[in-house]
Amino acid sequence: MTVAVLALQGAFAEHENVLKRLGVDCIELRQAKDLETPYDGIILPGGESTVQGKLLKELGMFDTIKEQIENGMPVLATCAGLILLASEVEGQEGCHFGTIPMCVRRNAYGRQLGSFRTVAELKGVGEVPMTFIRAPYVAETGDGVEVLATVDGKIVGVQYKNQMAFAFHPELDNDTRIHEKFAAMVRDK
């Protein structure tokens, strides 16, 4: 099993470190030719969603990855990755991949100073640490979207078919259960 980590910008190295700790092989997606290497799942890391979306298109990677996701490729998305998957972003024309029917609010907790850590329940996993950095949250979900986690009444984790998306950064904490859940999804696909 091999997981591809989008490595254009953002917190991709931290995801790779967690995968390595779990014994999961990973590759980096930096340019279109990297998409030719076989992989079984993909991680869309935190960072800046606008920059990532722009680079995905400029580098000729966008359409291939979107098609892979739509065809069932398991995805783990964190923070900016959640925004990339949303079908609607508040106050923004259009969307990026748009593969999860949900509306997200960018920078919902304010600027960098609004960053925080908490512990909350994640459906099917238990209480997990959650690190929020200029985080979004899910303002509204569409049909078929399962809410996995909420913090202070705000949706911060969802699953839709083969896609898990979180507003926080599980790769920044020592708890590996979210990545383990994702690895199990990839194995079982």
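The values are calculated or read from the model by the stated rules, or taken from the named source; none is laboratory data. Just so it is clear, the model here is predicted, and its values are computed rather than measured. Cβ sites come from the backbone with ideal geometry, for glycine too, and all protein chains shown count toward neighbours.
Assorted remarks:
- Residue under evaluation Ile178, criteria (1) in a strand (DSSP E or B); (2) in contact (Cβ under 8 Å) with a residue 60 or more places away in the chain, criterion not met: (1)
- Among the residues here, Met61 does not qualify as closer than 18 Å to Ala135 by Cα and in contact with a strand residue (DSSP E or B) (Cβ under 8 Å, 6 or more places away or on another chain).
- Matching helices (runs of 4 or more DSSP H) fully within region 23-102 where at least 2 residues are not hydrophobic (A, V, I, L, M, F, W, C): 49-58, 62-70
- When we screen Val51, Val24 for residues that are out of contact with any Lys or Arg (no Cβ under 7 Å at 6 or more places or on another chain) and more than 19 Å from Gly98 (Cα to Cα), the only hit is Val24.
- Residues of region 132-148 that turn out to be modelled with pLDDT of 95 or more and under 14 Å from the mean Cα position of the chain (by Cα), as a count: 2
- For Glu127, the requirement of being farther than 25 Å from Leu19 by Cα, without any contact (Cβ under 8 Å) to a residue 12 or more places away in the chain and either part of a strand (DSSP E or B) or of a type in the set (D, E, K, R) (or both) is not met.
- Qualifying residue in region 101-122 (condition: in contact with a Cys (Cβ under 8 Å, 6 or more places away or on another chain) and at pLDDT below 95): no
- Qualifying residue in region 21-36 (condition: at pLDDT below 95 and of a type in the set (Lys, Arg)): no
Let's see how each residue does on (1) at pLDDT 95 or above; (2) touching a His at 6+ places or on another chain (Cβ under 7 Å); (3) under 20 Å from Ala13 (Cβ atoms):
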residue: Asp152; (1), (2), (3): no, no, no
residue: Val156; (1), (2), (3): yes, no, no
residue: Gln159; (1), (2), (3): yes, no, no
residue: Asn174; (1), (2), (3): no, no, yes
residue: Asp188; (1), (2), (3): no, no, no
